[in-house]
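Asks: The structure under discussion is supplied below as structure tokens; questions concerning it will follow.
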Amino acid sequence: MAESDQLFARFGKTCEPGEVLFREGEDGDLMFVIQSGAVRITKAVKGEEKTLAILGAGEFFGEMAILNNKPRTATAVVEQAAQVLVLGARTFEQMVISNAEIAVRLIKKLARRLDSANELIEVLMHRDPKARVILGLSREAQFLGEAQPDGSVRVPLGVDALAEQVGLGVPETHDVFKRLTRLGIARPDGNGIVVTDVARLEEFYEFLEMREKFGDG
């Protein structure tokens with residue numbers, strides 16, 4: 001039996017879409033590692049649920065409640081049917097202590113997550129809705145994108161979820177996305193988005209920044 005199968009036999013859980021793994025404000029002594037599927041992480045902001053991230057296979061979450069012994073800072077809901085490993089505090093600590101590779105991976109993931117949070121703050125502070133959509137999509141492509149054989153990158157969230165994440169209305173976000181589609185920069189793909197050319201996406205953002213700085217004329 002493969003190591004991953006052995007781990008799932010001991011700690012595995014199969015989850016259906018819509019299942020809440022934990023809620024913001026709850027005490028927590030469990031963390032989760034996604035083996036397949038996707039999980040949405042949300043946070044209440046001014047009475048509304050805002051999507052912080054949609055995590056896929058290989059990602060982990062819920063570890064902060066174990067590390068700092070504080071209530072959950074976000075809610076985790078299964079986005080796509082998933083198989084996850086459910087690890088208690090003691091099991092997690094033993095894994096970190098006994099396996100240096102796991103400890104290094106944890107540190108790298110936490111650092112990457114901090115970078116992602118900082119970039120989200122930058123996105124939300126931007127006044128131009130077009131720039132917010134582009135920056136939000138670029139951020140998702142960088143941190144959660146799945147590289148495709150043709151060089152494109154698939155982002156595991158739809159346009160509605162992107163609107164929620166960047167703090168814009170759904171119609172407004174769809175208008176910007178339609179423009180990106182017409183330009184051949186991005187396209188819808190089932191429950192996700194495919195960025196056909198990440199470099200062009202970044203160039204389009206730079207063009208918008210230049211136009212705002214120097215004006216249309």
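The values are calculated or read from the model by the stated rules, or taken from the named source; none is laboratory data. Keep in mind that what you see is a predicted model, and the values were worked out from it rather than measured. With ideal geometry, Cβ positions are generated from the backbone for all residues, glycine too; neighbour counts draw on all protein chains shown.
To keep it simple, each residue is scored yes or no on (1) hydrophobic (A, V, I, L, M, F, W, C); (2) under 18 Å from LYS109 (Cβ atoms); (3) assigned by TED's automatic domain parsing to the domain that holds VAL155; (4) in contact with a helix residue (DSSP H, G or I) (Cβ under 8 Å, 6 or more places away or on another chain).
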residue	(1), (2), (3), (4)
ALA9	yes, no, no, no
ASP29	no, no, no, yes
PHE32	yes, yes, no, no
GLY37	no, no, no, no
THR73	no, yes, no, yes
GLY88	no, no, no, no
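Asks: Right, VAL194: touching a residue at least 24 places away in the same chain (Cβ under 8 Å), under 19 Å from GLY56 (Cα atoms), out of contact with any Pro (no Cβ under 6 Å at 6 or more places or on another chain) and not assigned by TED's automatic domain parsing to the domain that holds GLU48 or not?
Replies: Against the criterion (touching a residue at least 24 places away in the same chain (Cβ under 8 Å), under 19 Å from GLY56 (Cα atoms), out of contact with any Pro (no Cβ under 6 Å at 6 or more places or on another chain) and not assigned by TED's automatic domain parsing to the domain that holds GLU48), VAL194 qualifies.
Asks: Taking the options LYS46, LYS70, LYS50, name whichever one is on the phi > 0 side of the Ramachandran plot, modelled with pLDDT under 85 and charged (D, E, K, R).
Replies: Criteria check complete, one pass: LYS46.
Asks: Got at least one residue in the stretch 9-18 being part of a strand (DSSP E or B), in contact with a strand residue (DSSP E or B) (Cβ under 6 Å, 6 or more places away or on another chain), touching a residue at least 24 places away in the same chain (Cβ under 8 Å) and within 17 Å of ALA161 (Cβ to Cβ)?
Replies: no
Asks: Same structure again: Which residue, of LEU183, LEU208, LEU201, is over 18 Å from the mean Cα position of the chain (by Cα) and modelled with pLDDT of 85 or more?
Replies: Matching residue, one of LEU183, LEU208, LEU201: LEU183.
Asks: Out of (1) loosely packed, with under 13 Cβ neighbours inside 10 Å; (2) modelled with pLDDT of 85 or more, the odd one out for ALA111 is which?
Replies: (2)
Asks: Of all residues being closer than 18 Å to ALA89 by Cα and not aliphatic (A, V, I, L, M) in the stretch 1-22, which is modelled with the lowest pLDDT? Just the residue, please.
Replies: Only one residue fits best here, namely PHE8.
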